[in-house]
Structures are given as C-alpha cells and as structure tokens.
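First up is the structure itself, then whatever we jot down about it.
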Amino acid sequence: MTAPDAVSVPGLRISRRLAAIPLPRGRSQPGESRFLPYLLILPSFAFYALFVIIPIVATFGLALFQWDGLTAPIWVGLDNFSQVIADPNTLGAFQVSVVFTLFTCILPVVIALILVGAITRTRIRGLSFFRLVFFLPYTLALAVVAIAWRWLYALDGSINGIIGFIFGAGATRPFLGDFFWALPALGIVGVWVTFGFVLVLLLSGAQHIPKDLYDQARVDGAGPIREFFAVTLPGLRYELRVALTMTLIFSLRMFDLPLMTTQGGPGYATTTPSLMMYRDVFVNGQVGIGAAIAVMLTVVIFVGVAAVNRAFGQE
Amino acid sequence: MVSRREQVLSYSILLAFTVFSLFPFISTTLVAFNQPNATVSGLAIPSPWSLGSFFAAWNDPDAGIGRSLFNSMILATVVVVASVFLSILAGYAFGTMKFRGSRFLFYFFLIGLVVPYEATIIPLYFEFRGLKLVDTYWSMILPDIGGSVAFGTFWMTSFFRSFPRELIDSAKTDGATRMQTLWRVIVPTAGAAIFALATILFIWTWNNLLLAIVMIANPQLQMAPAALNYFVGRQFGINYQVTCAAAILVAIPVMVVYYVLQRRYGADVLAGSLKG
C-alpha cells in the first residue's frame, strides 16, 4: 500500500490544517463511543480468526502427530517432517513448484513488462479490447481451464492437429502423458492464465506515470531502452510487487490444474506440494504427513512473498 | 515521435497475444458443438453444428451440472454479500478512525492475504466433520467468508484512506453520526471499488475447487468446479466434446458477471483499484 498521508493532492494539505481546528462536535449518538472501531472490526475479525488463523495454528499442531483421521492421534514430534524431507518425491514436488513459478509468475511478468514498454510509447487504438481479451482467461475456474487444455493437448486435439499439419504426423505427441513435456505444457497453461492479469495490472500502473517524466527522458536523449529502465520500470514498482506476490502464491499453490489434467503424472512429473498434501490427508489417511507438507508449503509461500516485498518495497 | 515501424511492431505483438489468448476459447467452443457421439480430431470444426453435447453434459444425471451451478450460485452470492458487508465495516474503521492497536490489527489481517487454503483446510475439514457440518453449505460458506474478509478489509481500507477527508468532516459538522456518514455519504460514491471487490470475490469463490472436493461428497450439494472434476474422473473424460460443453456451461456465469462489470467500470478497475 502507498502511505495515505503521502498523497499530494492540491488543497488537501490545507484542508488537513483546517481539520486540525476543533470543530463543534456532532451530536453524540448512543453506540457512537470510542469502542465503535472495535465493533466494526469484530465480525470480520471473528470469521478471520475462526476460519483462517486458528486453523493455521492447528495445522502446525497436526503436523506433530501421526493420525489416520479416525483413531487416536499419536505424538511423533518432528518425525513427520524428517520423513517428508527424506522422501525424494517431496523434493520433486517442490521442484515442480519452482518450474511452475518460472512459468506462471516470472515469465508473465517479463512478457507483460515488454508489452507495457512497447505500448506506453505508442498510442494504441482499441486498448480496452485487448485488455478485455487478455484478462478473460484469469476469470475462468482452473477446472474449466484444465478441461479446455486437456482437449488442446490431446493426441487428437487441436494443437497436435496444427503441429501435424505443419511438421507431419511424426511430430505429434500426447503432451500431457509425456515425461518431458507434461510439466512445460502445464506451465504454458499457467502463462495463459496469469499473463493477462499481470498485463492489465501493469498497464493501469503505467497510466499513472506522469507524462512529463517521459518528455524529460526524451529531451535528455534517452532511447526506448533507457526510457524503459529510467521511467517505466521504477514507476511500476508497486504494481510489480502486487503482480509478483499474487502470481507467486498462485504458482506455489498449483492444485486444480495437475489434478484435473495429469493427476500429477506421468509418475510424479507434475505432482505439486498441494496435490501431495491432498492425497496424503484425504486419500491415504496420513494426516500428519499431509499437515507437514502444508506447513512447509506455507513457509515457502511466506518466505517468497517476503522476498518479493523486500525487493520491490518502499525504500 | 514514435516511428511507424515501432507502431506496427506494437500491434503485431498485441495481435500475437490476442491469438494466444483466444485460441483455447475458440478451439474449446468448436469441439463442444460437435455431436456427442462424433469422433473429433484436429480443429474439430463441427459438421453438422449441434447442441447435442451441451444437452448430454447438462442431462448427465450423475454429474448434475445444472444443480451444481445452482449450488455455486447460492454459495457465491452468500459469500460475496456477507464478505463485502463485513469488509466495508472493517475497512471503514481502519481507513478513517484512529484507535489503539489499529496498526497491529491491520497487519494481522494482512497475513490473510498470503495464507493458502492448503494451510487451513486439514483442521477445517476435521473440525467440520466433528460438528457434522461436512456436506452442508456451511462447510463452504464459513471458510470462504473467512478467506475473503482479509482481502476485502485490505481492499476497503485502501478505498477509505483515499476518500476525501473533508467530506467526512463536513458530514460530521452537519451532525451526522459516523454510521450515517458511512452509509449516506461514503458508500453511495464507492460503487466502483465495491463492485470490483465483489467481482474478485465472486470469481475466487466460484472457482475454489480444493474446498469443494474436500468438504462436499453429496452429489446433490456438489459445486460447479467439482462437478467438472467428476466429469473428468469418469470415462466421460475422453469424450472431449461433452466435457468441453460442460466446462463452457460452468464458465458462462463467471464470464457474464465479469463482462457486465467491466462494461460498467472498465477492466482495469479490477486491477487498478488495487492501488492503495
């Protein structure tokens, strides 16, 4: 968030000073007490505490027990964690997450930055049309996205149809069943989902960059590249922070897409930590193991978000 | 001056990404208009065009797409209305009032922006199972509101902080209580921010698959994305035209909501209002 006191709207500063002059107080109504802010926050806080905060703490607790969800839990301390860390599939799942992060977080931001750099120099007609089209995939349920791309990637599907037309039938392959291709194929789906969202966000930020900064850069003889690094990029810091934070969480949590396209396969090629957690808890009855994975995933997300906000935070 | 070459380049890039964005929509729509028993391949341009796959998807008794759309609509409506209302109240407090602990409490809410459902779903499931709330709307509504108010409070706080202070003060001078100021002065001008928040929460709630497949096992109460998962899980999964038709039926409500709101407020409201 930008600090609200830092706004420099003309007139506002004066009105601030006026506001400091004690005004005749409005009638004090019952309930108009100094407890009002707490009363206003209370309902949200109750939902938030009951269904977010307490469950997180409980997840940390469950990770310390061996439990099948039915019989009495057995205290095992940190055993679940050492078991999870020793399992090569866990490491594999987090590696899958890294690949997803490259595709659905880093790549869309880079693409969107290039597009914004190009667009801010030109007057684009129909920009609102492009924005609508690019943002559309982000509004779809990932379950819908998964079904659409299962068809696109199918051996008889439309992408293989095009590949077969250009390169001959020998070049076609069942992308989602292929040990090498399954993960990058899902990564491209991730790009498709998030890049429009990132672009719309960055474009709206670019509109708020003062035009005279560009004029000044041009007077100083800056070319398109220098202009981008000197004006556009610094001007988009806040939007970059939001975009990277949201797509990073999205990438690390990836669950629906592999579940509904590849079931995490072939082998463990597209199994994410979320998918592992879900299987352990709700299919295999290993609640403690699943909780340990959930804890690790949460820690990774918090560290990642903190890193992004440190890198793009306010000075 | 920007050269003509640069302009052509910009449009070419935009056009290329338009194709990338739209191709999956077009291809999925094309295959869905094939007859349900046709063999489809390649671009699968329907011959003849047929609504048969949509009927097959809609009428499949086990998947229950229609019922699941109804369930999702109830869920999303309740969650969005409740969360927006609660977020306005909390945002009003954080955005316009000074009180002890406000900074701490606000940062405490911010944690919720980062918490994934993965971190909360395990105890939520077992707690709700213990309370016999699994397989009810409540098992979706309550956690979804909990997950929404953190973001909503953050969003509305940003809005209230940017609201002109002098309007609030003059309402006070006129003798309005703080609650009257909220509902009669501020909220009527907050349409764009509130509807943008409602849209985002609607999309998130509607699309939440993890919660839906964990909490709901009763087919009568199945949510729309979970119904799709059920479709894929059966041998129907390889009938691409029927699964794609089902996916389109589930996607339409969200796309309509998004389209209407962006017509009214502009697409960048969704993203742009994030600016605090």
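With springs only between Cα atoms under 10 Å apart, run a GNM on chain A and tell me which of A:PHE228, A:PHE179, A:PHE47 wobbles the most.
Ranking A:PHE228, A:PHE179, A:PHE47 by mean-square fluctuation puts A:PHE47 first.
How many partner chain Cβ atoms sit within 10 Å of a residue's Cβ in peptide A:189-198, on average, as a whole number? Write down the numbers at each step before the final one.
Working: counts 1, 0, 1, 5, 0, 0, 3, 4, 2, 1.
For peptide A:189-198, the averaged partner shielding equals 2.
Tell me whether chain B comes out rounded, prolate or oblate; compute the Cα gyration tensor, take square roots of the eigenvalues as a ≥ b ≥ c, and use a/c under 1.5 as the rounded threshold.
Oblate is the answer for chain B, as a/c is 1.5 or above yet b/c matches or exceeds a/b.
State the answer as a single residue: which of B:MET179, B:ILE200, B:PHE128 lies farthest towards the positive end of the charge dipole of chain B, with beta carbon charges of +1 for Lys and Arg and -1 for Asp and Glu, about the Cα centre.
My answer, from the dipole projection, is B:MET179.
Mind sorting B:SER12, B:SER21 by how few other Cβ atoms lie within 10 Å of their own Cβ, fewest first?
B:SER12, B:SER21
What angle do you read, to the nearest 10 degrees and between 0 and 90, between the alpha-carbon axis of helix B:102-111 and the longest principal axis of chain B?
10 degrees
Could you put B:TRP206, A:TRP181 in order, starting from the residue whose Cβ has the fewest other Cβ atoms within 10 Å? List each step's numbers first, then the result.
Working: B:TRP206 26, A:TRP181 16.
By the 10 Å Cβ count, ascending, the order reads A:TRP181, B:TRP206.
From other protein chains only, count the Cβ atoms within 10 Å of every residue's Cβ in A:156-163, then give the mean.
Across A:156-163, the average partner-chain Cβ count within 10 Å equals 5.
When chain A is modelled as a GNM with alpha-carbon springs shorter than 10 Å, which of A:SER204, A:SER128, A:SER97 fluctuates the most?
Looking only at A:SER204, A:SER128, A:SER97, the largest GNM fluctuation is found for A:SER128.
Explain nothing, just the number: dipole magnitude of the protein assembly as shown about its Cα centre with +1 on each Lys and Arg Cβ and -1 on each Asp and Glu Cβ, in debye rounded to the nearest 20.
My answer is approximately 1960 debye.
Restrict the search to region B:38-105; then list the chymotrypsin sites (Phe, Trp or Tyr not before Pro) that DSSP places in a loop and that have at most 12 other Cβ atoms within 10 Å of their Cβ.
Qualifying residues, ordered by number: B:TRP49.
Test of understanding: in a Gaussian network model of chain A with alpha carbons linked when under 10 Å, which of A:ALA222, A:ALA291, A:ALA146 would top the mean-square fluctuation ranking?
Residue with maximal mean-square fluctuation among A:ALA222, A:ALA291, A:ALA146: A:ALA222.
Rounding to the nearest 20 debye, state how big the charge dipole of region B:62-272 is about its Cα centre with +1 on each Lys and Arg Cβ and -1 on each Asp and Glu Cβ.
440 debye
Quick one: putting +1 on the C-beta of Lys and Arg, -1 on the C-beta of Asp and Glu, what dipole do you get for chain A around its Cα centre, in Debye to the nearest 20?
1300 debye
With the cut-off at 1.5 for a/c, could you classify the protein assembly as shown from its C-alpha gyration tensor as rounded, prolate or oblate?
It comes out oblate by the Cα gyration axes.
Region B:14-72: D in µm²/s via Stokes-Einstein (Kirkwood Rh, Cα pairs, 25 °C, 0.890 mPa s)?
187 µm²/s
In region A:39-132, which trypsin sites (Lys or Arg not before Pro) are in a loop and have at most 12 other Cβ atoms within 10 Å, using DSSP for the loop call?
Taking region A:39-132 and a limit of 12 other Cβ atoms within 10 Å, the loop trypsin sites (Lys or Arg not before Pro) found are A:ARG123, A:ARG125.
Helix B:224-233 versus the longest principal axis of chain B: what is the Cα-based angle in degrees, 0 to 90, to the nearest 10?
With rounding to tens, the tilt is 30 degrees.
Sort B:LYS132, B:LYS172 so that the residue with the fewest other Cβ atoms within 10 Å of its own Cβ comes first and the one with the most comes last.
Least to most surrounded, the residues fall as B:LYS132, B:LYS172.
Expressed as an acute angle from 0 to 90° and rounded to the nearest 10, what is the orientation of the C-alpha long axis of helix B:4-32 relative to the principal long axis of chain B?
Tilt relative to chain B: about 60 degrees.
For peptide A:232-240, how many partner chain Cβ atoms fall within 10 Å of a residue's Cβ, on average?
Whole-number average of other-chain Cβ neighbours for A:232-240 is 1.
Show me, for region A:212-227, the HN-Hα J-couplings you get by feeding each phi into the Karplus relation (A = 6.51, B = -1.76, C = 1.60, θ = phi - 60°), rounded to Hz, glycine and proline as x.
5, 4, 5, 4, 4, 4, 6, 4, 6, x, 7, x, x, 5, 4, 4
Tell me the net charge near A:CYS105. Cut-off is 15 Å between Cβ atoms, A:CYS105 excluded, with +1 for each Lys or Arg and -1 for each Asp or Glu.
Charge balance in the 15 Å sphere: +1.
Every number here is computed from the coordinates shown, using simple stated rules; none is lab data. A quick note: this is a predicted structure, and the numbers were derived from the prediction, not measured. Note that we place each Cβ from the backbone using ideal geometry, even for glycine, and neighbour counts take in every protein chain shown.
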